[in-house]
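S.K.: Structure provided below as structure tokens; questions to follow.
The values are calculated or read from the model by the stated rules, or taken from the named source; none is laboratory data. Keep in mind that this is a model prediction, so the values were computed, not measured. Here the Cβ positions follow ideal geometry from the backbone for every residue, glycine too, while neighbour counts run over all protein chains shown. We work out accessible area using only protein heavy atoms, side chains counted, and drop any ligands, DNA or RNA first. Shrake-Rupley method; radii C 1.70, N 1.55, O 1.52, S 1.80 Å.
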Amino acid sequence: MALDLFKEKGVPLDRQVFTWKDLTRRTFSKMDDDAFTRVRVILMNGVESESVRFSHSCARMNRQLREPLAIIRRVEHFQQTLINWMNPPNQNPLETTLGFEQTAIEVTASVAQHEPDPYLAQAYRFGMLEDFDHLYRYSALYDRLTGRDPNYITQSYTDIIPGRHTAIEHRHPLDDVRRSYEARTAEPITKLNALTIVSAENQVHTYYMNIGPTFTDPVARQLYAEIAAIEEQHVTQYESLCDPDESWLEKWLLHEANEVYNYYSCLHYESNPRIKEVWQRFLDYELGHLHYVMQLFQQLEGRDPAEVLPQELPEPVAFTSHREFVRKVLNDEVGLSAKGTEFVSRAEESERTLRYRQQLNSEGSPSSIASAGYRWRPGTELAEEAERVGTLAEGRIQ
Ligand SMILES: [Fe+2]
Ligand SMILES: [Fe+2]
Ligand SMILES: [Fe+2]
Ligand SMILES: [Fe+2]
């Protein structure tokens, strides 16, 4: 049943409390839980970390909002702690990495299909094919370092084949800034989609920057450095989709609405009853945040939150395999690049991007080295099929 954002008030702030035991509860199971439980935990950790990041930026720029932001931010911090601590200790950083890329692929695929603005939908499909290639490169690294099948983590929901080759994803910064939606005319779902994806990508970037240097293997160190650079490009792309003319308070309102929307989506799909309980509890907490910020928005800006928020939440993010959609996009759009704000064929790339890429790859390409000779089995038929239809050839470095 659809959730009415104006009627549902959630849990009041003074009842949003935690204990250390509550924050460090039993984890999900790496082996027994569905891979999408891990995907949801990763996504919500990203959404909460975006809340905290945004809240700090906002507090540094808005005297009036410093105290209300501090109150809500403490709850966001504890929400993030509880969620991130549900990752099991036997899931090593490279396995978590496979989960991150699976999250990027499947959540972006869902968003791309629900996005009403064709330009933004194109931007999501574009980024998705790059994360799709990251999953392949990290799978090769996983094979190299542990000899294990990545499906141990991804549970065969997501294909493990090359996408747009990571080596050619490097673009000049000015070819990563996109056009933004127009706050006054964009659909509410458009704003939520952009926030969801920028949250996920920002977290991936932070994670790779933290764990990359902890590896001993020189190829692993280089591969994390290389893919972290693409995640930085992805954050640049996705954040530029948001209208920079929205006020700080309007952006805060949207962040709370997006947290509500994402917990609501998680709740809709969750198969683990212990974790479902967390999604329900935090959905109620976020409704409390949302109503608190709705009041501030009315008081301080004299605007009606209904100008910005939808009455009812849109259809939830689909936590399911989007294999067919991803294959189609791979087939149709692997040859795309970007020039300025526009998506163009690779033959039309800018001089500045070609120079930038050539410089970065001039002493070797980690993503090519990591996967040299890698043949994932079983499932090699997918790679062979892709080679036959030419998607692999398209993905080679020029
Ligand atoms: Fe939160
Ligand atoms: Fe990625
Ligand atoms: Fe990404
Ligand atoms: Fe919140």
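S.K.: Averaged per residue, what accessible area in Å² does the chain show with a 1.4 Å probe, protein chains only?
M.R.: Result: 42 Å² of accessible area for each residue.
S.K.: Let me ask another. May I ask you to list the GluC sites (Glu not before Pro) in region 122-215 that are in a DSSP loop and have at most 13 other Cβ atoms within 10 Å of their Cβ?
M.R.: Passing sites in region 122-215 are Glu182.
S.K.: Given axes a ≥ b ≥ c from the Cα gyration tensor, I'd like to know whether region 63-134 is rounded (a/c under 1.5), prolate (a/b larger than b/c) or oblate.
M.R.: oblate
S.K.: So how compact is the chain: Cα radius of gyration and Dmax in angstrom?
M.R.: Radius of gyration, then largest Cα-Cα span, for the chain: 20.8, 62 Å.
S.K.: Which value, in Å³ per residue, describes the convex hull spanned by the Cα atoms of region 274-375?
M.R.: Cα-based convex hull of region 274-375, divided per residue, equals 274 Å³.
S.K.: Let me ask something else. Using only the Cα atoms of region 160-299, what do you get for the radius of gyration and for Dmax, in Å?
M.R.: 18.3, 56
S.K.: With the full set of protein chains in place, find how many percent of the accessible area of the chain is carbon and sulfur; take the probe as 1.4 Å.
M.R.: Looking at the chain in its full context, I get 51 percent from C and S.
S.K.: Which trypsin sites (Lys or Arg not before Pro) in region 152-226 sit in a loop by DSSP (not H, G, I, E or B) and have at most 11 other Cβ atoms within 10 Å of their own Cβ?
M.R.: Sparse-neighbourhood loop trypsin sites (Lys or Arg not before Pro): Arg184.
S.K.: Additional query: Scan region 277-348 for trypsin sites (Lys or Arg not before Pro) in coil per DSSP, keeping those whose Cβ has at most 15 other Cβ atoms within 10 Å, and list them by number.
M.R.: Taking region 277-348 and a limit of 15 other Cβ atoms within 10 Å, the loop trypsin sites (Lys or Arg not before Pro) found are Arg303.
S.K.: Still on this structure, please answer the following. On the first, second and third principal axes, largest extent first, how far apart are the outermost C-alpha atoms of region 209-265 in Å?
M.R.: Largest to smallest, the principal-axis extents are 45, 27, 16 Å.
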